[in-house]
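Everything below concerns the one structure shown next.
The values are calculated or read from the model by the stated rules, or taken from the named source; none is laboratory data. Everything numeric in this text was worked out from a predicted model, so none of it was measured. Here the Cβ positions follow ideal geometry from the backbone for every residue, glycine too, while neighbour counts run over all protein chains shown.
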Amino acid sequence: MTEERSTVGVGSARACANIALAKYWGKSDETLNLPAVPSLSITLDALVTETTVTVEPALTEDVVLFDGKPRDGDDRTRASELLDRVRALSGVHRFARVETVNHFPTASGLASSASGFAALATASARAYGVDASLEQLSAWARRSSASAARSLYGGFVELAAGVPGDDSLAARVVAPASHWDVCIVIALASLKRKKTSSRDGMIETAKTSPYYPAWVQCAPAYFDEVRAGVLARDIEKVGTAMEASTFAMHASALAARPAVRYYAAATATLLDVVESLRNDGIAAYSTMDAGPHVKVLCQRSDAERVREAMLASGAAVDVRVASPGPGVQ
Ligand code: 2P0
């Protein structure tokens, strides 16, 4: 990407979504979209977004298509804001057509902003002929959606807390995908779209939750534990710290006024399944993001058993297994 001079016109990119083992929740700078806490994720091979950006002189505004259908509102505004920053660097002030296809399991309702903005940053740099390093692309993607900064890279990836005013913050690789043979089993609790976006949820939490300062204080220790556990390939260390990070994040959100609640009844059933698997000696640990789904960290050799248990509970509408995957292509 760095060495190649792209031509103005068309750019395509493919990026995978990621699941955080140590959670990002809250911003240190809302304007620059800088996280208040450090996070660490696994980029996942099974959740892929493909985006093509075509600069079209005839357009009078950007056109954004998701799976072939035009998107307006917040999705289009956020895509245009990223394109504006790329246009400012390229000096080419023409609008573009953005075509995005999500290859996600069914209509899963899983967050796609991470893979989406990672792919968009990369494809738009190519389309507008801007030479950018992966680090710069990660920083641009972060400005649109902080979790997207991590999806530029494959494997195990960290994003530090941001220093207010520093727009250069980018993610970094902790270990490549080949480092550790773990899986994430994704149990979808519902196919409905979530009520509160992550962005609104974390801003409301920061504004109104008495537990938000405690979350910001504790999160770096969870991150350190997850990071050390990943490097040592210690699933118990990573799993227990990941669960602590997850529940502390959700506890801070639940204490907002009104509560920011992502749990559904099926979520609790799925969490029980993971606990009983663990009681049976399987190293399986739960995490949840801004939605009702439960994602389970386990060894690859246990993934099928975990998948079957989630399906047998009757609480999951779909269950998929994902492995550490590549960075943007
Ligand atoms: C994460 N999440 O670390 C956390 C855990 C959801 C829960 O990053 O406001 O869509 O666009 O920066 O990146 C989802 O938040 O939020 C997220 P913005 P983003 O994966």
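One table, with the values for the structure above:
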{"read-out": "Filter result (surrounded by 19 or more Cβ atoms within 10 Å (Cβ to Cβ) and touching a Pro at 6+ places or on another chain (Cβ under 8 Å)) within the range 33-58", "value": "34, 37, 38, 42, 43, 44, 47"}
{"read-out": "The listed residue being within 19 Å of residue 47 (Cβ to Cβ), touching an Asp or Glu at 6+ places or on another chain (Cβ under 7 Å) and at pLDDT 95 or above, out of 171, 187, 177", "value": "171"}
{"read-out": "Search result, residues across the range 49-78 that are without any contact (Cβ under 8 Å) to a residue 60 or more places away in the chain, under 21 Å from residue 328 (Cα atoms) and touching a Phe, Trp or Tyr at 6+ places or on another chain (Cβ under 9 Å)", "value": "75"}
{"read-out": "Residues of the range 153-165 satisfying the condition of being buried (at least 24 other Cβ atoms within 10 Å of the Cβ) and within 13 Å of the ligand (Cβ to nearest atom)", "value": "157, 159"}
{"read-out": "Subset of the range 16-49 (residues that are of a type in the set (S, T, N, Q), more than 9 Å from the ligand (Cβ to nearest atom) and part of a loop (DSSP other than H, G, I, E, B))", "value": "31"}
{"read-out": "Qualifying residue in the range 52-66 (condition: within 16 Å of the ligand (Cβ to nearest atom) and either closer than 30 Å to residue 212 by Cα or not in a strand (DSSP E or B) (or both))", "value": "no"}
{"read-out": "One residue from 323, 301, 313 being within 17 Å of the chain's Cα centre (by Cα) and either of a type in the set (S, T, N, Q) or farther than 30 Å from residue 118 by Cα (or both)", "value": "323"}
{"read-out": "Inter-residue pairs, beta-carbon under 7 Å, first modelled with pLDDT of 95 or more and in the range 283-301, second within 16 Å of the ligand (Cβ to nearest atom) and aromatic (Phe, Trp, Tyr), 6+ apart", "value": "288/262; 296/285; 297/285"}
{"read-out": "Restricting the range 127-143 to residues that are crowded, with 24+ Cβ neighbours inside 10 Å and in a helix (DSSP H, G or I), the residue that is farthest from the ligand (Cβ to nearest atom)", "value": "127"}
{"read-out": "Strands (runs of 3 or more DSSP E) lying entirely in the range 222-329 (those with 1 or more residues that are assigned by TED's automatic domain parsing to the domain that holds residue 192 and among the aromatic types (Phe, Trp, Tyr))", "value": "285-287"}
{"read-out": "Of the criteria (1) surrounded by fewer than 16 Cβ atoms within 10 Å (Cβ to Cβ); (2) of a type in the set (S, T, N, Q); (3) assigned to a helix (DSSP H, G or I), which one residue 168 fails", "value": "(3)"}
{"read-out": "So residue 71, is it of a type in the set (Lys, Arg) and surrounded by fewer than 18 Cβ atoms within 10 Å (Cβ to Cβ)", "value": "yes"}
{"read-out": "Search result, residues across the range 86-95 that are assigned to a helix (DSSP H, G or I) and either surrounded by fewer than 17 Cβ atoms within 10 Å (Cβ to Cβ) or without any contact (Cβ under 8 Å) to a residue 12 or more places away in the chain (or both)", "value": "88, 89"}
{"read-out": "Identity of the residue in the range 260-273, surrounded by 16 or more Cβ atoms within 10 Å (Cβ to Cβ) and out of contact with any helix residue (DSSP H, G or I) (no Cβ under 8 Å at 6 or more places or on another chain), that ends up nearest to residue 205 (Cα to Cα)", "value": "264"}
{"read-out": "Among the residues listed as 119, 187, 114, the single one being outside any loop (DSSP other than H, G, I, E, B), buried (at least 24 other Cβ atoms within 10 Å of the Cβ), assigned by TED's automatic domain parsing to the domain that holds residue 219 and not acidic (Asp, Glu)", "value": "187"}
